[in-house]
Amino acid sequence: MPKVAVYDIAHNQVGEIELNNEIFGVEVNGALLHQAVVMQLASQRLGTHATKTRAMVRGGGRKPWRQKGTGHARSGSSRSPLWKGGGVVFGPHPRSYAFSMPRKQRRLAIKCALSDKVNEASIFVLDSFVMDEYKTKTIVKLLSDFGVEEKSLIITAADDSDKIERSCGNIPGVKAITNEGLNVYDIMNSGKLFITKDAIAKIEEVLA
């Protein structure tokens with residue numbers, strides 16, 4: 001089982017913790033991680049792009065000229081796709097880009113992402129992290145004490161989340177989520193991962 005240090009929010013080591021090998025020690029599958037990230041980003045696409053067909057373009061109800069004798073090619077509508085201002089053939093229409101992965105694959109992808117952070121020594125386990133007020137300075141001090149200047153993700157238990165999540169809102173590259181909102185993209189998109197012991201216990205309870 002991987003063993004990592006446990007810190008308080010001032011970066012003082014207060015102990016060690018053994019992480020569950022089934023979650024934090026699995027073999028990293030790069031292809032599975034890629035698929036999980038693509039799935040998550042695809043589900044966020046709005047897919048609201050649209051073009052008008054010849055039936056949707058306003059006007060064009062009258063035949064532009066008589067069928068024969070003008071020297072022009074015959075034409076039935078000025079909204080034909082061949083005309084400027086006409087409809088669009090095979091243009092994009094509103095759609096959903098979302099696709100799904102089997103539940104076991106989604107869970108394994110999260111395990112791979114967490115294991116990758118452990119392998120890179122990019123995970124900091126916090127003994128506890130509770131905020132009594134909304135204060136960006138508290139998050140800034142936490143990052144400063146740990147010497148972190150890159151993208152970071154803070155994972156807390158659901159009960160402690162609101163003040164921490166909102167306090168991270170004004171710091172570029174820093175995000176906080178709960179154990180219930182754990183996802184592959186946020187883990188892989190962060191340089192350093194802060195996670196509380198309570199969150200680890202709940203993650204292991206669900207994924208082990």
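The table that follows gives values for the structure above.
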{"read-out": "From phi via Karplus (6.51, -1.76, 1.60), per-residue ³J(HN,Hα) for region 58-66 in Hz, x at Gly/Pro", "value": "5, x, x, x, 9, 5, x, 8, 5"}
{"read-out": "Which listed pairs, of LYS151/LYS202; LYS3/LYS104; LYS151/LYS197; LYS137/LYS197; LYS141/LYS192; LYS135/LYS202, have C-alpha distances above 19 Å, in listed order", "value": "LYS151/LYS202; LYS3/LYS104; LYS151/LYS197; LYS137/LYS197; LYS135/LYS202"}
{"read-out": "Net charge of neighbours whose Cβ lies under 9 Å from the Cβ of GLY87, counting Lys and Arg as +1 and Asp and Glu as -1", "value": "+3"}
{"read-out": "Relative packing of peptides 187-197, 11-21 - highest average C-beta neighbours within 10 Å first", "value": "187-197, 11-21"}
{"read-out": "Region 150-208: C-alpha gyration tensor shape, a/c 1.5 cut-off, then a/b vs b/c", "value": "oblate"}
{"read-out": "Cα-based helix-to-principal-axis angle, 103-119 vs the chain, degrees rounded to 10", "value": "50"}
{"read-out": "Listed residues GLU22, GLU205 arranged by accessible area, highest first, probe 1.4 Å", "value": "GLU205, GLU22"}
{"read-out": "Neighbourhood charge, 12 Å Cβ-Cβ cut-off, centred on ARG74 and excluding it, Lys, Arg +1 and Asp, Glu -1", "value": "+3"}
{"read-out": "5 angstrom amide H check on LYS52, placed H, neighbours 5+ away", "value": "VAL88"}
{"read-out": "Per-pair calculated FRET efficiency, R0 = 30 Å: HIS49 and SER80 via Cβ, rounded to 0.05", "value": "0.85"}
{"read-out": "Distant-in-sequence amide H partners of PHE194 (H built 1.01 Å from N, under 5 Å)", "value": "PHE124, LEU153, ILE154, ILE155"}
{"read-out": "Crossing angle, helix 30-44 versus the chain [Cα axis fit, 0-90 degrees, rounded to tens]", "value": "60"}
{"read-out": "Share antiparallel - DSSP beta bridges, the chain, percent rounded to 5", "value": "25"}
{"read-out": "Sequence-distant residues sharing a close amide H with VAL6 (under 5 Å, placed H)", "value": "VAL14, GLY15, GLU16, ILE17"}
{"read-out": "From the C-alpha gyration tensor of the chain, square roots of 5λ in Å", "value": "55, 20, 13"}
{"read-out": "Value of relative contact order over the chain, rounded to a whole percent, pairs C-alpha under 8 Å and six or more apart", "value": "24"}
{"read-out": "Rounded tilt (10° steps) of 197-207 against the dominant C-alpha axis of the chain", "value": "60"}
{"read-out": "Local net charge near ASN170, Cβ-Cβ under 11 Å (Lys/Arg +1, Asp/Glu -1)", "value": "+3"}
{"read-out": "Set of lysines with alpha-carbon distance to LYS63 below 21 Å, sequence-local pairs under 8 removed", "value": "LYS52, LYS84"}
{"read-out": "Region 1-67 and region 75-143: distance between their alpha carbon centers, rounded to Å", "value": "3"}
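The values are calculated or read from the model by the stated rules, or taken from the named source; none is laboratory data. Note that the structure is a prediction, hence the values are computed from the model and not measured. Cβ sites come from the backbone with ideal geometry, for glycine too, and all protein chains shown count toward neighbours. Ligands, DNA and RNA are stripped out before the accessible areas are found, and what is left, the full protein with its side chains, is counted by its heavy atoms. Shrake-Rupley method; radii C 1.70, N 1.55, O 1.52, S 1.80 Å.
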